[in-house]
Amino acid sequence: MAETRLLIAAGEAAAGEADLPPGVRTLIESAGEIYVIAPALPDRFEWLASATDSATQQADERLMQVLSQVKEAGASPSGGEVGADDPMLAFEDAIRSFDPNHILIGLRPDDRSSWQERGLLDAVHDRFGIPLTVFQVPRD
């Protein structure tokens, strides 16, 4: 069986490694190689005004938190990046450079999800055909 090349897309970071569902922890622990993206997720007005600095800063903080949690889970990520403010473009860039064979997506809670996330899972599945594992990060 081929080694799992896991792309983690973090729309939200769990409060800590212990807050990850057991299946997610197992997936991370068993992956041979891990790469993390944290797309910048500006709200609609920020995006329309091209004022995405705050969203990019938040994505950078989320990236650092997720990389730390992956290490706490006993894995060694090969890297990570803040993704584009268009989630599909962030996926395209990461898939082109990392070539994963599995994608793990951590979604924000429903009350914090944004317009950019509507239809995203279907679009990622349809476009890339890579197995997906999706979980919603619990509220703090």
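Given the peptides 66-73, 124-131, arrange them by the average over their residues of other C-beta atoms within 10 Å, most packed first. Display every interim value, and only then the final one.
Working: 66-73: 18.9, 124-131: 13.5.
Peptide ranking by packing, descending: 66-73, 124-131.
If amide hydrogens are placed 1.01 Å from N in the peptide plane, which non-local residues have theirs closer than 5 Å to the one on residue 80?
Long-range HN contacts for residue 80: 36.
Long-range amide H contacts for residue 105: which residues qualify at under 5 Å (H placed 1.01 Å from N, peptide plane, sequence gap of 5 or more or a different chain)?
Under 5 Å from the amide H of residue 105 lie the amide H atoms of 9, 133, 134, 135, each far enough along the sequence or on another chain.
Note down the nm distance, to one decimal, between modelled labels 7 Å out along Cα→Cβ at residue 29 and at residue 135.
In this crude label model, residue 29 to residue 135 measures out at 1.2 nm.
Would you mind putting 93-103, 7-17 in packing order, based on average other-beta-carbon counts within 10 Å, highest first?
Values: 93-103: 16.8, 7-17: 20.9.
Output ranking for 93-103, 7-17: 7-17, 93-103.
Output wanted: per-residue J couplings in Hz (rounded whole) for the range 80-92, from phi through Karplus 6.51 cos²θ - 1.76 cosθ + 1.60, θ = phi - 60°, x for Gly and Pro.
Taking θ as phi minus 60°, the curve returns x, 7, 7, x, 4, 7, 9, x, 5, 5, 4, 5, 4 Hz for the range 80-92.
Laboratory data are not the source of any read-out in this text; all were calculated from the coordinates shown. Please read all numbers here as calculations on a predicted model, not as lab measurements. Cβ: placed from backbone, ideal geometry, glycine included. Neighbour counts: every protein chain shown.
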